[in-house]
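Below is one structure, written out as structure tokens; the observations come after it.
The values are calculated or read from the model by the stated rules, or taken from the named source; none is laboratory data. Bear in mind the structure is a predicted one, so any value in this text is a computation, not a measurement. Reconstructed Cβ throughout: ideal geometry from the backbone, glycine too, with neighbour counts over all protein chains shown.
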Amino acid sequence: MADTKPSPPTVEISQSLGEWVVAIVTTDGNTYSRAFERESDAVAFAVDQRLHLGLQLPPPD
């Protein structure tokens with residue numbers, strides 16, 4: 001049996017087709033995404049998800 005170490009969760013924001021997409025990858029490899037019309041909504045959602053997953057927040061711009 002291979003020794004598989006779970007990957008750390010990630011939360012990323014990207015822009016696609018005029019929408020802002022938040023992609024979340026959990027430690028077990030499941031991927032979820034949610035699209036927003038406004039960047040500010042996507043950023044707020046991503047911050048909440050990072051806090052929920054125990055990740056550090058990126059520094060403010």
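Only one entry of Asp3, Asp41, Asp61 meets the criterion of being out of contact with any strand residue (DSSP E or B) (no Cβ under 6 Å at 6 or more places or on another chain) and at pLDDT 95 or above, and that entry is Asp41. Name the residues in region 4-59 that are hydrophobic (A, V, I, L, M, F, W, C) and free of Cβ contacts under 8 Å to residues at least 24 places away in the same chain, would you? Residues satisfying the conditions are Leu17, Trp20, Val21, Ala23, Val25, Ala35, Phe36, Ala44, Phe45, Val47, Leu51, Leu57. Within region 11-37, the set of residues being assigned to a loop (DSSP other than H, G, I, E, B), surrounded by 12 or more Cβ atoms within 10 Å (Cβ to Cβ) and not hydroxyl-bearing (Ser, Thr, Tyr) is empty.
No other residue among Leu51, Leu57 is of a type outside the set (Phe, Trp, Tyr) and part of a loop (DSSP other than H, G, I, E, B) apart from Leu57. Of all the criteria given as (1) assigned to a loop (DSSP other than H, G, I, E, B); (2) more than 12 Å from the chain's Cα centre (by Cα), the one not satisfied by Pro8 is (2).
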